[in-house]
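No value in this document is a laboratory result; all are computed from the given coordinates. It should be emphasised that the depicted structure is a prediction, and the values quoted were computed from it without experimental measurement. Virtual Cβ from ideal backbone geometry, glycine too; neighbours counted across all protein chains shown.
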Amino acid sequence: MFIFKILVREECSGRCKSTPGCTHYAWSDYEDGICWMKTNGASKSQAIQTDNQNIVCGILTIPNSNQVEFITINNCPYTVWVGMQGRVYSNANWMLPNNGGWELKSGQTKSVSVPKDFYAGRLWGRTNCYYNNGQFRCETGDCGPWVECANGSIQRGGQTPATLAIMMTIMMLV
């Protein structure tokens, strides 16, 4: 077991991922934030659910060398619907993880995997969303008429007003 002083709970999973041998972790606000990184595996069936926001636990999955994981966390006191689009070198079309959108309730976390050759993309939060005559609409970042921002070959980006997080990666060949 490895122990690190980490003040922000979301950093504990990243520290575990970058530490050889770490398979699962636990963070608590004990002494202003401690991350316990553990070895010898664990399974989700062994996890215990708690409403205590002062404790965060996680299990690393076996990494797929062809995938990269994005983790979205809703720290807002209200539900946010996430929109996401991206580009990959292996396909000229837009890539839509989770069909381009998903719901995140307050305090909820969702992991989304994308191909390793993902090189550009955008994430945006959609707020104050509702159904109107069978269509899903949002006051910010709307990509309706669906919860997902795509339906078949039709895809939509977030409409203004929207706040985008833009990601670009540089691929270096050595």
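Annotations
- Segment Asn91-Ser106, length gained on full extension (0.36 nm per residue, minus Cα span): 2.0 nm
- Stretching Ile59 away from Ile71 to a fully extended chain increases their span by 3.0 nm, per 0.36 nm per residue minus the current alpha-carbon distance.
- Fully extended contour minus Cα-Cα distance, from Asn133 to Thr23, at 0.36 nm per residue: 34.9 nm
- Amide H contacts of Ala162: Gly141, each under 5 Å away and 5 or more positions distant or on a separate chain (H built 1.01 Å from N in the peptide plane; Pro and chain starts excluded).
- Label-to-label distance for Ile34 and Gln159 is 5.2 nm, based on points extended 7 Å past Cα in the beta-carbon direction.
- Assuming charge only on the beta carbon of Lys and Arg (+1) and of Asp and Glu (-1), the dipole of region 78-174 about its Cα centre is about 80 debye to the nearest 20.
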